[in-house]
Structure formats: structure tokens, C-alpha cells
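What follows is calculated from the coordinates using simple rules that are stated; it is not laboratory data. Owing to the predicted nature of the structure, the values given are computational and were not obtained by experimental measurement. Note: ideal-geometry Cβ built from the backbone for every residue, glycine included; neighbour counts use all protein chains shown.
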Amino acid sequence: MLDQFLYGIEAAMNGLMTGIMYSLVALGFVLIFKASGVFNYAQGVMALFGAMTLVSIQKGQIPFYHLINATFGTDIKYFGWEVPALLAILLTVCVMILFAWLVERLLLKFLINQDPVILFMATIGLAYFMEGFGDLMWGSDLKVIDMAMPALGIPGLPQGGSLFIENATSGLGTDRFFGFFIDKLDITAAIIATMLVVVLTVFSQYSKTGRALRAVADDHQAAMSVGISLRTIWVIVWSIAGVVALVAGIMWGAKSGVQFSLSLITLKALPVLMLGGFTSIPGAIIGGMIIGVGEKVFEFIVSSSWFGDAMGFTMNATENWFAYVLALIFLVFRPQGLFGEKIIERV
Amino acid sequence: MKLTKLAVIAVAATMVAGPVLAQLVFPSLSYRTGPFGANGSEVADGFADYMTLLNERDGGIGGVMTVVNECETGYSTEKGVECYEATKGSGALIYQPLSTGMAYQLIPRVTADGIPMLTTGYGRTSVANGDVFKQVFNFPVNYWNGASIAVNYMLAENDGDLSGKTIALLYHNSAYGKEPIPTLEALAEIHGFDLTLLPIDSPGQEQKSQWLQIRRERPDYALLWGWGIMNQVAIQEAANVRFPMENFMGIWWSGSENDVIPAGMAADGYKALTFHAMGTDFPMFDDLQTYVVDAGLAAGSGDNVGTVLYNRGMYGAMLAAEAVKVAQEMHGVAQIDAAMMRDGLENLVISDESMAAIGLQGFGPNFNVSCKNHGGPGLGAVAEWDATAQEWSLITGFVPSDMDVIQPLIEADSAAYAAENNIESQCS
């Protein structure tokens, strides 16, 4: 029984870590929603596009090589050089800023003062466009992320369970308890997510641009009337969301390689947003943690033999639906989410 | 006057229509986009390149050029059915949809339309019973054979005794992933091992709970029945919890380069089932390089020739082409139709001689197809990943599965389908 209790704690700790990975995706949604009132359906595809761009730049892949080869009958794929990880990250950030600028120039500027649902529909279109554009630009083959930075002494993103934690805790239970398993990649993601939250919260609350972002979110016209450039703000916020998407893409891509399915991590971010609120940066983190712990502990309980002995049945693969059920339960009591701003509409 | 008008119309229509060109049409319901695009592209390239090779080197099959009619499905069953409906009127000879979901949806349609379908290593397993499924084939191997071959391999490693051992099955929580469960349950009863079922919801990016359970319960073996991102995450998570990679084995859809490369050296020793060889160490590939890749006619960039999934697509095309040759010989015509193609499939013989003739001796198992047996002998091999050399290699020959267990399951499932659909015996 002691072992089961300890394994329950292990499930909760892993849930916390996994929840933070969900939060990395949810953060991008919050940033754009907070600053523009737009629910950006394309956030998951932005994570995919960012990660694809990063790996392709690193490998020196020629953009649109398929198209070039098919059009001109050439047989090219790589420039013949490789780009160090740090420089590739910087170049990818530039691409994401360019992407934000293009989104504003070609999409958002035509939709100022439109109903939120129209902006939402536009991001759905953007997501589908980006899916195809990304494949056309970099190919649909699976790509492997390598974040090794020898000059800085970084061998790459850590993988695998932390032996230190396992060995330090293995004596807590009987010989059937093998110590707590915590993935080093998840620990890294948690540290990066915490840093992101701190930086973004400070930026949003205390900087002039941050205050402008919030003003734009409240009312486009009012913000413009006091001299805030709506279009500049949108470029800034989409750029920041692009960088956050890149971070999420790197962390999730490190687990599975960079491939189309990365864009589906959006599905994991939705219950986090519903629970944490669409307008709160810390809410995205707390929401992620609650969802992560909730789904992992629930799965641990209902799949265990002692639950089966007591109830006569066990359940598996509950995580996908349980996260939404948990979010819906919270919504009953707090429709704006745990940390969301209460919306009062006068009629 | 009327006759003159009719004659003019007839001449005009003939001129507009032009001569009907003889073609052998092979629709390819591919998925180069979507969540499984990385895998689907390689299979589609292999299929298309083999047909291109036949055109460029041999002038088609029996003097008739082949046409690959590709339709993008994005791995969506609905789009797959749309593609089928859109292409079936083009003279389609055979469908190979490369999706269990699509295969299930197409079984009644191909049966009604009289177009054969080949679902090698996927789809509904019991279509192996040709007495019920006249139009559908799944030779040379199916999921249930795969489950049995995996268990046989484990038996061989344990001196024929798996009693008291535990095998965990991590499966895609879908019709595809659930296919091996009845066979594994039957085999568990016979051999006395415990079977732990661990479903993973699609797409399978998050598997922490399942791997924590494996870490707690320490099964002796783990079997993986996944596709796409689920495979890459599973192999990475197995490495994370330090599950012994030599005791981790995937079905053939969980054993491509795409599945193991993201985990790096940690994937070394991972095993997977297969029904064909890997690499390019066969004479046919020399021709493929000369006539297709070097000539700039490859469907893709040409750098995936010899990968597991490329070879699988190529193998599917080869089986279809060989069936065309049989059909042409049986019916004495070069331009065959779908009904003749079905006859060709049903009388297909793959032997050392026939494989040697096309430069692929030893690439796949030898087998015969018959009216009652659309599934072939159920032979498969085990391959192992060498992370240092970055290549798969076969560690067994094409070995048999336990047909004493599988055949009754096939008969029971197909009999149920026949009863539901009022199907009479197809083989007299």
C-alpha cells in the first residue's frame, strides 16, 4: 500500500511536469487573446512551423526544394552547410517575426473592429494555409531536433529519467518501489516555462508596450483614439506568440521528432485555457498543472489493480477526455476560468 | 437528312474523343499531408517509382503502360472514400488504401463494384477467408499472423516457455490497434503468459501514464501497435524509463526509420516485425536507380529509396504488377479489367523463381493465393534496429505463425460477417 501511495505521488509529480508542457502551448493562446481578443486557432501550427524552420535552417535545407526541383528539373536539397543551434534559433526567431508581420499585413489589418468570431475564423484559415505552406517549404518528412551547443558546453536537450532523483527516493518504499521517475526534459521545460511566465508577466504588467497590449485587448477603437498603433501592437504580440510557439515546438519536438502531429498539441492546450482563463499568463501555468495532475492521478487510480478489485473494472486511456471533463467542471463554477477576467456586458 | 446529321455527329464525336489509349490504372490513395504524412509520402513514393520503373524499363506490363492515379486522403477515412468514388471510374484495377479505417469502409464498396482491394498487413484480418471476401485480399500476412510471430519469437528466446511471463501491448486505441487482441488473448491462454493491455488515444503524443505503469509493473516484453507519432514517443519513453530495448517489439507499422531515429542511440536493439526486406541490396534497385532516380523521374526526392516504408510501397506495387501478369496470361489479353485483375490476384504465385526474375529474390516470403485463402501463408520476419549503422536488418528468416490458433479466429470472424451480410460461399 505504501508503494501504491508513493506511485500515486509519482503520477502527480509527472502530471505537474506534463501540465507545464501543456502550458507552453497554452501561453501562446493567452498572449494573443489577451492583446487582441483573438482566439488563435493557428497556435499549434505555429509551433510546428517554428520547429520545422529551426531544424531545416540547422541542416541547411533549401526552402521549397521540392517545388524548385519539380519546376526546373534540378536535384537540390541542401545548401551544403550546417548552422549552429544558437544561430539557428536566432534566425528562426527572425522568421517568426517576419511571419507575424505578414499575418498583420495580409490578414489582420483587414479585420480591424470586426467581430471576434470573424477573427477566429480567419485564424482557422491561417492554420490550414500554414499546414500546407510549411510542408511545401520544408517537406513533410520527419525531422530530428538537435539542440547541442558545444561552444556553450550544452550537449543537447536532456532526455530520460533523472537518476539522481530515482536513487535518492528509491529507499522510501519496499523493494517494489523503484524511486520517483521524473523526466529531465520535463524539468528543463518547467524551468523554461517559469522563466517565460516571469518575463511575460513583467512585460505585460509593467512595460509601456505591455500596457498598450492590454488596452488594445479591451477596445480596439479606444486604444487607437489615444494614439496606440493597433497594427504595431499586433505585430509585437504575434511575434512574441511565435517565439513561445517555437519554444513549445522544440520541447514537444524533442520527444517525437518534428512532424505534422506537433500541430495537434493544440488539443492539449484547450482544457488548460478553459480552466486557467484565456487572459491570464500565470493562469495558463496553473491551469496546465491542474489538468496535468488531474489526468495523471485519475488514470493512475482507475487503471490500478486495487481499483479493479474494488470496483470490478478498470479504465485506460482516460487522459484525453478527462482533461475536458475537469475543465468543464471548473467552468460550471467559474465560467471565466480560474484566473480569467470576469466579463460584464451591459445590454 | 437525319442520317447525315447522325453521321456528322458520330464523326465529330470520334474526332473529339480520339483513340482510347490502353492503360493499366492503379489508383494510389496516398497521404502526403496530415498527421501521418511523413510515413505516407515514403509509401506513396515507393509505389509510384516501381510503376515508373516498369514503364521506363519494360514499356509497362505486357506492353501496356501503367498509370498511377494518386489521390490525397490526408489519412482521413472520409476523404479516402471520396477518393475511391472519384477514381473507381477511371479503369481502376486495384485499391491499396494503406489505412485500416479506409479498408473497413471500402470492403462493401469494392465488393459491390467488383474491384479488388489488397490490404497487405492491415485492414480487416478475416478477409483472408476468400470464401466470404471475394474482392478483398491481404496476403502474405495479417495482424494476427504478426501477433503470433511476435509471440513465437519470444517463445524461442525462452526455450519455448512463456508461463509466468508478462507481455504488455501498447496499442493505438482504434480498430487498427485492437486487431491483435483476440489472437494475443488466445495465445496467452495457450502459453500461460499474462497480457497487459495499454491503450493510447490517437495521436499518442502523451504516453507518460502508460510508461509509468510499465515502469511499475516491469513486464518481460512490450509489444507496440502504433502508427505515426505514437511510435516515436513510445520508443523515446521506453528509453526514458530504461525499458530493455531488446525486449520491445513493434508491429510492421511501428518499425520504420522514422520511428527510431528521433530516439537516437537509445533506440538501439529495438525490434519490429516485417514482411519484406529493407535496404537496396537487390538487383532491382540498380534498375530503379538508373531508370527512375537518375532519370529524374522519382516521385519524391529519391533519397528515401530502400527505407522500410519506401520498400513497403514498392512491394505493394510489385505484388499488383505480378498479379497483372497472371491476369494477362490467364485471359490472353494485355489490357485487363478489374474482374480479370481479381482473377490474377487469386491465382498469384510468388516463388523464388518469380522473385529472381524481377531482381528481388528473398525480398519477401514465397506464397500462393487461392480462392479460399486470400491471406497467404502468414509468414513474417523480425528486424532489429542498429542505431550506430542507422539501419534495420533482418534477424530471422520469414517464419510461420501459429495458424492452428489464427485460422479458427479468421473463420469465426468471417462467418459472422457472412451472416450479417447474407454472403453465400464464393468458392465452389
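Counting only Cα atoms, region B:189-247 measures 33, 22, 20 Å along its principal axes, largest extent leading. The phi-based Karplus calculation (6.51 cos²θ - 1.76 cosθ + 1.60; θ = phi - 60°) puts the 3J(HN,Hα) values of region B:156-169 at 4, 6, 10, 6, x, 10, 10, 5, x, 7, 10, 10, 9, 9 Hz, whole numbers, x for Gly and Pro. Each 5 Å bin from zero holds the following percent of Cα-Cα pairs in region A:164-251: 3, 12, 15, 15, 11, 10, 8, 7, 5, 5, 4, 3, 1, 0. Antiparallel DSSP bridges in the protein assembly as shown: what percent, to the nearest 5? Approximately 35 percent, going by the DSSP bridge assignments.
Treating r as the C-beta distance of B:Leu197 and B:Ser351 and R0 as 45 Å, the FRET efficiency rounds to 0.70. So if we plug the beta-carbon distance of A:Gln4 and B:Ser163 into 1/(1 + (r/R0)^6) with R0 = 25 Å, what FRET efficiency do we get, rounded to 0.05? In this case the efficiency is close to 0.40.
Using the structure shown, select from B:Lys165/B:Lys372; A:Lys143/A:Lys184; A:Lys184/B:Lys165; A:Lys143/B:Lys79; A:Lys143/B:Lys208; A:Lys77/A:Lys143 the pairs with a Cα to Cα distance greater than 25 angstrom. If you can, show how the numbers build up before the last one.
Values: B:Lys165/B:Lys372 36 Å; A:Lys143/A:Lys184 21 Å; A:Lys184/B:Lys165 31 Å; A:Lys143/B:Lys79 27 Å; A:Lys143/B:Lys208 22 Å; A:Lys77/A:Lys143 14 Å.
Violating the 25 Å limit, Cα to Cα: B:Lys165/B:Lys372; A:Lys184/B:Lys165; A:Lys143/B:Lys79.
Summary value for region A:118-231: 12 percent relative contact order, contacts being C-alpha pairs under 8 angstrom separated by 6+ residues. Counting charges near B:Phe248 (Lys, Arg +1; Asp, Glu -1) among other residues having Cβ under 14 Å from its Cβ returns a value of -3. Computed from label points 7 Å out along Cα-Cβ, the spacing between B:Glu85 and A:Leu98 is 4.2 nm.
Using every Cα-Cα pair within region B:143-274, state what percent have a distance larger than 26 Å. Value for region B:143-274 (Cα pairs over 26 Å): 12 percent.
Listed as lacking a disulfide-compatible partner in the protein assembly as shown: A:Cys94, by the criterion of no other cysteine Cβ under 4.7 Å. Report, to the nearest 10°, how far helix B:100-113 tilts away from the longest principal axis of the Cα atoms in chain B, using its own Cα long axis and a range of 0 to 90°. Compared with the principal axis, the helix lies near 30 degrees. Selection among B:Leu169, A:Thr318, A:Leu200 by position relative to the dipole of the protein assembly as shown gives A:Leu200 as farthest towards the positive end (Cβ unit charges, Cα centre).
Amide hydrogen proximity for B:Leu24: with H placed 1.01 Å from N in the peptide plane, the residues at 5 or more positions away or on another chain lying under 5 Å are B:Met65, B:Thr66, B:Val67.
Give the Kirkwood hydrodynamic radius (Å, one decimal) of region A:2-333, defined as one over the mean of 1/r across all pairs of different Cα atoms. Could you put the intermediate results ahead of the total?
Values: mean 1/r = 0.0467 Å⁻¹.
Kirkwood radius, region A:2-333: 21.4 Å.
For A:Ile301 and A:Val198, the FRET efficiency from 1/(1 + (r/R0)^6), where r spans their Cβ atoms and R0 equals 25 Å, is about 0.15. In units of the compact-protein estimate 2.2 N^0.38 Å, the protein assembly as shown shows a Cα radius of gyration of 1.02. Phi angles across region B:218-231 convert, under the Karplus curve 6.51 cos²θ - 1.76 cosθ + 1.60 with θ = phi - 60°, into 3J(HN,Hα) values of 6, x, 6, 9, 10, 10, 10, 10, x, 7, x, 4, 4, 5 Hz, Gly and Pro given as x.
The amide H of B:Gly250, built 1.01 Å from its N in the peptide plane, has B:Leu224, B:Lys271, B:Ala272, B:Leu273 as neighbours under 5 Å, considering only residues 5 or more places off or on other chains.
Could you please report the charge total around A:Asn320, scoring K, R as +1 and D, E as -1 over all other residues with beta-carbon less than 9 angstrom from its beta-carbon? The partial results should precede the final answer.
Working: positive: A:Lys268; negative: A:Glu295, A:Glu319, B:Asp201, B:Glu206.
So the surrounding residues net to -3.
Computed over region B:299-428, the alpha-carbon pair-distance distribution with 10 angstrom bins reads 10, 30, 33, 21, 6, 0, each value a whole percent. Based on DSSP H segments of at least four residues, each scored -39500 (n - 2.57), the protein assembly as shown has a per-residue ellipticity at 222 nm of -17500 deg cm²/dmol. Taking amide H as placed 1.01 Å from N in the peptide plane, B:Met117 has its amide H under 5 Å from the amide H of B:Tyr95, B:Val136, B:Phe137, each at least 5 places away in sequence or on another chain. Between B:Val333 and A:Val226, the simple label model (points 7 Å from Cα in the Cβ direction) yields a spacing of 8.1 nm. Average 1/r across all pairs of distinct alpha carbons in region A:113-172, invert it, and you get the Kirkwood radius: 16.6 Å. Of all complete DSSP H helices in chain A, those with a Cα span along the helix axis of 27 Å or greater and a mean Kyte-Doolittle hydropathy of 1.0 or more are A:2-36, A:85-106, A:116-138, A:184-206, A:230-256, A:281-302. Rounded to the nearest Hz, the phi-derived 3J(HN,Hα) couplings of region B:361-373 under the Karplus curve 6.51 cos²θ - 1.76 cosθ + 1.60 (θ = phi - 60°) are 4, x, 6, x, x, 7, 6, 10, 10, 9, 4, 7, 10, where x marks glycine and proline. Working note: Debye formula, equal point scatterers on the alpha-carbon atoms of chain B, no solvent; log10 I(q)/I(0) at q = 0.10 Å⁻¹ is -0.68.
Stretching A:Leu328 away from A:Ser170 to a fully extended chain increases their span by 53.1 nm, per 0.36 nm per residue minus the current alpha-carbon distance. A crude spin-label estimate for the pair A:Asn320 and B:Leu297, with each label 7 Å from Cα along the Cβ direction, gives 4.3 nm. Scaled to the globular estimate 2.2 N^0.38 Å, the Cα spread of region B:242-373, given as radius of gyration, is 1.26.
Were the residues from B:Glu391 through B:Arg57 laid out at 0.36 nm apart, the gain over their Cα-Cα distance would be 117.3 nm. For region B:92-215, the Cα-based Rg and Dmax, in that order, read 16.9, 51 Å. Cα-based values for region A:1-86, radius of gyration first and Dmax second, are 21.1, 69 Å.
Computed from Cα atoms alone, the Kirkwood hydrodynamic radius reported for region A:189-305 is 16.3 Å.
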